[in-house]
Amino acid sequence: MTPQGVTRLQEQARALGDPTRYAIFRYVADAPAESPVGIAELTAHLGLNHNAIRQHLAKLCDAGLVVEGKAQPSGRGRPRLVYRVEPTADSRWGVVGPYERLSVMLAEVLRSGEAPVDVGRRSVAVSESVAGALESAQSDPVQAVVDVMARDGFEPVVFRRAGGESEIVLQSCPFAAAAETDPATVCALHLGIAEGVADLTGGRVVVDDLIANHPRRAQCRLHLRTVDDDVAAGAGAGV
């Protein structure tokens, strides 16, 4: 784990040391993935006022334990804020962490006999880690890939190139031990995840390659290119 990762765990431990914040976190964590929790729901459940709930949620967001989003508009006024567990939250806090998601994908590779890249690609459609990330794809499909890789703990940094090309450098490998044992399988799974996110952008971004590095050194690189909306629409229609 990187020094930044250790610091983040310490921040999360401090945030959850408050009993009220822990109760809020558990309530959000236990909510169905398709039903993120709103502030009004939390105030009714805990019997606290809105301002107190907002303050606790802000600390949980700052610690990387929950993530804030907006509900679908349902009338006049601004959409209400809703909260779900941050997918990179460590499993030691009683949630499904990145390594648990990796184990599910590896089990699926063994069960189905499919290529790891195909399993990774298919996993995106049912993954909580993409919930909310595709909102950014409306204006920037590359950012959707960045968001999902960030939520799985890769600490991505994106570099934009001329001609719609981009490179995402993955500064950390959250699965270093597994990747060191079987880099071909683990790296293929994560190439598939990136391709799966690209699929969900409607073909507006294409993942060309994953240049793998030693997992303990990380710095693997995803090469992507954006596609003109008209071209993407034609590809989606089978033209």
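Applying the condition of being β-branched (Val, Ile, Thr), within 15 Å of residue 64 (Cβ to Cβ) and open to solvent by 30 Å² or more (accessible area, probe 1.4 Å) to the stretch 1-53 and asking which residue is modelled with the highest pLDDT yields 7.
Within the bounds of the stretch 81-91, is there any residue that is open to solvent by 70 Å² or more (accessible area, probe 1.4 Å) and either at pLDDT below 80 or on the phi < 0 side of the Ramachandran plot (or both)?
The answer is no; no qualifying residue exists.
When the stretch 54-64 is filtered for residues that are assigned to a helix (DSSP H, G or I) and modelled with pLDDT under 90, nothing remains. Cβ-Cβ distances below 8 Å connect the following pairs, each with a first residue in the stretch 32-54 that is among the hydroxyl-bearing types (Ser, Thr, Tyr), a second residue that is assigned to a loop (DSSP other than H, G, I, E, B), and a separation of six or more residues or different chains: 43/49.
Among the residues of the stretch 199-219 satisfying the criterion of being touching a Cys at 6+ places or on another chain (Cβ under 7 Å), of a type outside the set (Val, Ile, Thr) and open to solvent by 10 Å² or more (accessible area, probe 1.4 Å), which is nearest to residue 142 (Cα to Cα)? Among residues in the stretch 199-219 that are touching a Cys at 6+ places or on another chain (Cβ under 7 Å), of a type outside the set (Val, Ile, Thr) and open to solvent by 10 Å² or more (accessible area, probe 1.4 Å), the one nearest to residue 142 (Cα to Cα) is 210. Within the stretch 188-198, the presence of a residue that is within 19 Å of the chain's Cα centre (by Cα), more than 18 Å from residue 102 (Cα to Cα), at pLDDT 90 or above and open to solvent by 30 Å² or more (accessible area, probe 1.4 Å) is excluded.
Considering 95, 67, 109, which residue is touching a helix residue (DSSP H, G or I) at 6+ places or on another chain (Cβ under 8 Å) and modelled with pLDDT under 75?
95
Out of curiosity, is residue 119 open to solvent by less than 10 Å² (accessible area, probe 1.4 Å) and either modelled with pLDDT of 85 or more or not in a helix (DSSP H, G or I) (or both)? Yes.
The values are calculated or read from the model by the stated rules, or taken from the named source; none is laboratory data. Computed from a predicted model, the values in this text were never measured in an experiment. As a convention, Cβ positions derive from the backbone with ideal geometry for all residues, glycine included, and neighbour counts pool all protein chains shown. To get the accessible areas, we keep the full protein, side chains included, count just its heavy atoms, and leave off ligands, DNA and RNA. Shrake-Rupley method; radii C 1.70, N 1.55, O 1.52, S 1.80 Å.
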